[in-house]
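To keep things clear, I will list the structure first and then write my remarks on it.
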Amino acid sequence: MNELRRFDVTVTVARDGGPLPGPAEFALAAELAAARRAASVVSAHTAEEIISVVTVRTPDRPAAVTLALAVVSEALRRPVAPPAGNRRDVHTAPHLTHAAHLQSNHEGQPWRRTL
């Protein structure tokens with residue numbers, strides 16, 4: 001039986017000319033997507049990119065990267081409107097083109113992937 005280990009996977013999504021969801025919309029969607037996968041996520045937004053760190057417990061690094069990609073991908077596809085009072089325009093980005101790279105900091109070995 002494979003023992004589960006903790007992995008922190010950093011996913012960076014660049015704008016590449018398309019709109020990105022607002023910070024509140026993305027954060028809510030990412031939290032929901034992470035909770036469905038027994039993971040956690042913390043994100044930071046800049047004018048040009050979203051940087052997310054997804055923490056998961058999996059048997060190996062490839063599984064961790066797969067789960068992290070699923071969390072961020074779902075949050076990009078289905079942003080959630082924040083509660084009333086904090087609501088901004090909700091951006092859905094069905095045609096978003098983006099470049100992402102992943103980096104697992106477990107054991108200091110980087111993993112990179114372009115979407």
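Across segment 11-19, coupling constants 3J(HN,Hα) worked out from phi with the 6.51/-1.76/1.60 Karplus curve, θ = phi - 60°, read 10, 10, 10, 8, 5, 6, x, x, x Hz, and Gly and Pro carry x.
Remark: spin-label model distance VAL53-LEU32 equals 2.5 nm, labels positioned 7 Å along the Cα→Cβ axis. Here SER40 and ALA81 are evaluated by their C-beta separation; at R0 = 22 Å the FRET efficiency comes out at 0.50.
Each reported figure results from applying straightforward, stated rules to the coordinates on display, with no laboratory input. What you are looking at is a predicted structure, and each value in this text was computed from that prediction instead of being measured. All Cβ positions, even for glycine, are placed from backbone atoms using ideal geometry, and neighbour counts span all protein chains on display.
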